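Chemist: If you scroll down you'll find the structure; I have some questions about it.
The values are calculated or read from the model by the stated rules, or taken from the named source; none is laboratory data. Here the structure is a predicted model, which means the values were calculated and not measured. A quick note on method: Cβ atoms are made from the backbone with ideal geometry, for glycine too, and the neighbour counts reach across all protein chains shown. Quick note on the areas: whole protein, heavy atoms, side chains included, nothing else; ligands and nucleic acids left out. Shrake-Rupley method; radii C 1.70, N 1.55, O 1.52, S 1.80 Å.
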Amino acid sequence: MFISHKVFLNSGGGIGGLTLAVALAKHHDIDVVIYEAAKRLTEIGAGVGLWPRAWKILKALGLDGDLAAASLDPPTEDLVTAFQYRKSDRPNGLHFYDLHTQGNLLKFHRADFQGVLLKHLPPSSHTHCSKRLESYSQSIAGPVELKFQDGSTATCDLLIGADGVKSAVRGSLLRELANQAVMEGKPDVAQEALAGIDPVWSGMVAYRALIPAERLRALSPSHRALTEPTQYLGKNAYIIVYPISQGNIINLAAFNVSGTEGARFDGPWVKEATKEAFQTAFANWEDDVQILLQAVDKVSHWAVHTVRHLPALNFGRVAILGDASHSMEPHQGSGAGQAIEDAAILAALLSHPQTTRDSIPLALDVYDQIRRPYSIKISQSSRLNGRYFTFQYDGGEDLEHCTDEELKARLVDLGLAFTDNWKWAWSTTVDGMLAEAVQTLNDRYDNV
Ligand SMILES: Cc1cc2nc3c(=O)[nH]c(=O)nc-3n(C[C@H](O)[C@H](O)[C@H](O)COP(=O)(O)OP(=O)(O)OC[C@H]3O[C@@H](n4cnc5c(N)ncnc54)[C@H](O)[C@@H]3O)c2cc1C
């Protein structure tokens, strides 16, 4: 096999881009070049959790040893309690459900996770920081021409946009798609493509914080967040907490519905939040939550944006992956997992023995065919979990008017509903999809 092409991953620092780079760099005939907008490869944010489905991909890439060392709990395939659930938007919190999963959610500090990916990038790959892609153009036979914000340019045979929710690659790709659709007399497709360029506000904001375990312990020596991954649910808001970094830090993400889905969000999407704004949002919640709010020092405020379901993830020699292609509401802890799945499928197709420089567009077509429907499905189920966790589902409106007995029964039903919606993440693997992708590409090559 000989593929003479270079991969340009705009998002060197992103989990999706780095996973693809690690997977592709195992193939010596593929040059991996990463262009990253940031000055340094750094992960902002806080903790990140990975479910067994994504974990098995990283294991196959040989990252499991280093990642396991960075996780508080060792990976297991046993039945475990992943989270406990409380109704907390009242002075007396009510424990109502334990989520049991086959295999555990591995929880990392993002910087530790990224450190492992960087360690596994081979020296043959090249990373250029402070390179913000502005746009690209391509001709049918290639190459792809890249234009950066600093005025510099570059060319490549294959461009993978792993540049996150505001993806510049997605913008150029969808404009190309729209132009072609207009030429083919398909105005609806053109409109759908153009509508996918700008992300959409979910109506939710997330407060994110890392709490030193020592500080929480000083306030409440046996606070459950020190040892038990917990979700505190309430009307229009919820909080998720779990320990990371060998238990020295408690990762906290608190979601609050503060607007209408699809409305325009004014202001920066990520900023420092005042502690007061955060505390006000959860003012009447149970004591356990009040102690967490006291323990928080620095809080960041994220306006959660998503990417619309797109008509295609590829055009010619360009494709997008991860948040660039399907940024979703984060209520299943699966956005990074989906980026990892994209990377695994792309790597298998691009390293296929019959994939050459000329057949890259065919391989990307198969990527789109296999990955797009699945990531759309996960994006929908993730959104639904958000509705469950904030009591915005049918039947969640009048929980306050139930007797204690009725309330508990209805909350247990809720637990069963979100478990059912979520179980794909620990009870399935990507193996069938991988085999289907390779078989589909084999068939396409047989018919060329
Ligand atoms: C509150 C919250 C909690 C979450 N928790 C989880 C979780 O527990 N588990 C999970 O699986 N997912 C979780 N997610 C989702 C997860 O964070 C994302 O899905 C994942 O980080 C996406 O990775 P990515 O590589 O596609 O994009 P990103 O991580 O956004 O990386 C994009 C990279 O591209 C760079 N870049 C951007 N524009 C350009 C450009 N024009 N040129 C060059 N480079 C560029 C950026 O600097 C960045 O390094 C959570 C999300 C939120 C908001």
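Chemist: For the condition more than 7 Å from the ligand (Cβ to nearest atom), crowded, with 24+ Cβ neighbours inside 10 Å and in contact (Cβ under 8 Å) with a residue 40 or more places away in the chain, what is the one hit in 331, 305? Walk me through it before giving the result.
Modeler: Working: 305 fails: crowded, with 24+ Cβ neighbours inside 10 Å.
Going through 331, 305 in turn, the sole match is 331.
Chemist: Filter segment 156-180 down to the residues that are of a type outside the set (Gly, Ala, Ser), open to solvent by less than 20 Å² (accessible area, probe 1.4 Å) and more than 14 Å from residue 195 (Cα to Cα) and list them by number.
Modeler: 156, 158, 159, 160, 169
Chemist: Report, by residue number, each residue of segment 129-144 that is within 15 Å of the ligand (Cβ to nearest atom) and of a type outside the set (Ser, Thr, Tyr).
Modeler: Matches in segment 129-144: 129, 131, 132, 133, 134, 144.
Chemist: Right, something else. May I ask you to list the residues in segment 291-328 that are within 16 Å of the chain's Cα centre (by Cα) and at positive phi?
Modeler: Once the filter is applied, which keeps residues that are within 16 Å of the chain's Cα centre (by Cα) and at positive phi, segment 291-328 yields only 322.
Chemist: Can you find a residue in segment 308-317 that is modelled with pLDDT of 95 or more, open to solvent by 10 Å² or more (accessible area, probe 1.4 Å) and within 12 Å of the ligand (Cβ to nearest atom)?
Modeler: no
Chemist: Just the residues that are of a type in the set (A, V, I, L, M) and farther than 17 Å from residue 208 by Cα, please, taken from segment 230-271.
Modeler: Residues of segment 230-271 that are of a type in the set (A, V, I, L, M), as a first pass: 233, 237, 239-241, 244, 249-250, 252-254, 257, 263, 270.
Result: 263, single match.
Chemist: Further question on the same structure: Select the helices (runs of 4 or more DSSP H) contained entirely in segment 15-128, then report the ones holding at least 1 residues which are of a type outside the set (S, T, N, Q), within 16 Å of the ligand (Cβ to nearest atom) and in contact with a Ser or Thr (Cβ under 6 Å, 6 or more places away or on another chain). Please lay out each step first, then the result.
Modeler: Values: elements: 15-24, 52-60, 64-70, 110-119.
Answer list for segment 15-128: 15-24, 52-60.
Each row is one residue, and each column tells you yes or no for (1) under 30 Å from residue 316 (Cβ atoms); (2) free of Cβ contacts under 8 Å to residues at least 40 places away in the same chain; (3) open to solvent by 10 Å² or more (accessible area, probe 1.4 Å); (4) of a type outside the set (D, E, K, R).
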{"residue": "34", "(1), (2), (3), (4)": "yes, no, no, yes"}
{"residue": "80", "(1), (2), (3), (4)": "no, yes, yes, yes"}
{"residue": "103", "(1), (2), (3), (4)": "no, no, no, yes"}
{"residue": "113", "(1), (2), (3), (4)": "no, no, no, yes"}
{"residue": "125", "(1), (2), (3), (4)": "yes, no, yes, yes"}
